[in-house]
1. In debye, nearest 20, what is the charge dipole magnitude of the chain about its Cα centre with +1 on Lys and Arg Cβ and -1 on Asp and Glu Cβ, if you could check?
2. Quick one: if you stick a label point 7 Å off each Cα along the C-beta vector at Gln445 and Asp333, how many nm between them?
3. Taking 8 Å as the Cα distance limit and 6 or more residues as the minimum spacing, I'd like the relative contact order of the chain as a percentage.
4. For segment 348-476, state the average projected area of the convex hull of the C-alpha atoms over all orientations, rounded to one decimal in nm².
5. Dimensions of segment 287-417 along principal axes (Cα, Å, largest first)?
6. Determine the dipole magnitude for segment 190-306: charges of +1 sit on the beta-carbon of Lys and Arg, -1 on that of Asp and Glu, nothing else is charged, the reference point is the Cα centre, and the result goes in debye to the nearest 20.
7. Could you work out how far apart the two model spin labels at Asp55 and Gln396 are, taking each label as a point 7 Å from the Cα in the direction of the beta carbon, and quote it in nm?
8. For the chain, what does the helix formula give at 222 nm: sum of -39500 (n - 2.57) over DSSP H segments with n ≥ 4, over the residue count, nearest 500 deg cm²/dmol?
Amino acid sequence: MNLPTEVRYRAYADWTDQEKQAIEENMAKSPWKASYHIEPRTGLLNDPNGFSYFDGKYHLFYQNWPFGAAHGLKQWVHTTSTDLVHFTETGVKLLPDHPHDSHGAYSGSAYEVDDKLFLFYTGNVRDENWVRTPLQIGAWMDKDGKIEKMKDVLIAPATDATEHFRDPQIFEYNNDFYAIVGAQNHDKSGFIKLYKATNREVTSWAELGNLDFGGTGSEYMIECPNLVFVDGKPVLLYSPQGLDKAELAYDNIYPNTYKIAERFAPETASLVDASAIQNLDYGFEAYATQGFNTPDGRALIVSWIGLPDVDYPTDRYDYQGAMSLVKELSIKDGKLYQWPVSAMADLRQSDEPFENKGTTLNCYELNVTFAADMTSTLVLYAGHNGQGLSLTVNTQTGHITLDRSQAGEQYATEFGTSRTCTVAPGSVDARIFVDNSIVEIFINQGEKVFTSRVFPDADQSGILVKEGLITGHYFELKN
Ligand code: FRU
């Protein structure tokens, strides 16, 4: 939603209780609230931040402007979880309350260091002429959730970057701490800067150079770069805005992509033998995905189910955005797989054979197989007229199409109303999570993923096999 700058950057303290209550009341009227996904308590949720493990729990913050469905003065809002399925918002916040983050506590990461959680993030600072200075700064969060900001800037603006220089991710490799930061150069191409912490001191960062990951620079900015290790291989996850579609076909306003490399070589600031760029997700929205390696070595990721510069039907209820399920990464035959964490199965409260249903609560999981040698179409959110969100799988060609054109309220239609991907011919498995206005589809054990919003009409809550042969299980999920 477009709101005037003075509204979006109004000081938090200037919002009255009455105004805040009106926002909450408006939000409560939404017919589209999710049951088991993280949504903002109020306002806009965008990137996942500070995804980490510390003090016996997982921590996940989200970027938030609490006063409406717009990108305003951002804070981090804290949640914790022990199973990566049930998250509790704690009330802890990283506020834009310091001269180094006066115009927003922008995205960043977190890592346990010396019994505290180190938060590494971008302070968005603007002067009276609205000229931006991006500062990479830090804060400590203790076990009680008390936040103490560091007084010195950790990484000053890079001279080879424009004002677009942000989203530091800290990671550990061979007992050293490294950080990567997304950037735009003066020729308006995206790049990633690599740093190393001197003697593992997270207050002291030395530049190692611009990370060579085999990029072409066809994008104008790289947001939210993340490096995680999957079975020892570095996987770079990033959001290259404006990427040339000749380099990679995509439909969303901005893509979320990845590369798998053979080796991380800090001494040459490179990812050795990086693969071609790939789409991380084939759905209508998944962006700014953040990952980290757990102490036991798993690579976990979570995505923002939303996109910058897109208006959503929930905007009129003063909120926007959700977090995806937490997904674990693996590599099989050189391909990246994403799979919901195992505790997702704890939400199941019934196990029924899959069959057509006139109505559901739009809160379920399906585990289904599309039979070989035919075309089958599954309609989710099917209304009285049988129309809804259709997933068509041609198992002869391996073509999979998700069509949203008949599913409820339409938006962002200038980016198309269907999405496709291909897999090898043969029967296709799909694990599908439906949560009111969110659908996440994992094809063939997570080889391909479609993450999307759907804003169904009041009568759109059925499940229908429109053609072909689809068999499997239906699980109602805990609300
Ligand atoms: C990505 C992004 C980040 C930035 C944050 C601000 O969606 O633009 O690059 O840090 O959002 O909210």
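1. Using only the charged Cβ atoms, the result is roughly 120 debye.
2. Distance between label points: 1.0 nm.
3. Rounded, it is 13 percent for the chain.
4. 7.0
5. Cα spread of segment 287-417 along its principal axes, largest to smallest: 50, 43, 34 Å.
6. Working: 8 positive and 15 negative charges, 52 e Å.
In total the dipole reaches around 260 debye.
7. 6.0
8. Helices in the chain give a 222 nm mean residue ellipticity of -1000 deg cm²/dmol.
The values are calculated or read from the model by the stated rules, or taken from the named source; none is laboratory data. In this text, all values refer to a predicted model and were calculated from it rather than measured experimentally. All Cβ positions, glycine included, derive from the backbone under ideal geometry; neighbour counts span all protein chains shown. Ligands, DNA and RNA are excluded from the accessible area calculation, which covers all protein heavy atoms including side chains. Shrake-Rupley method; radii C 1.70, N 1.55, O 1.52, S 1.80 Å.
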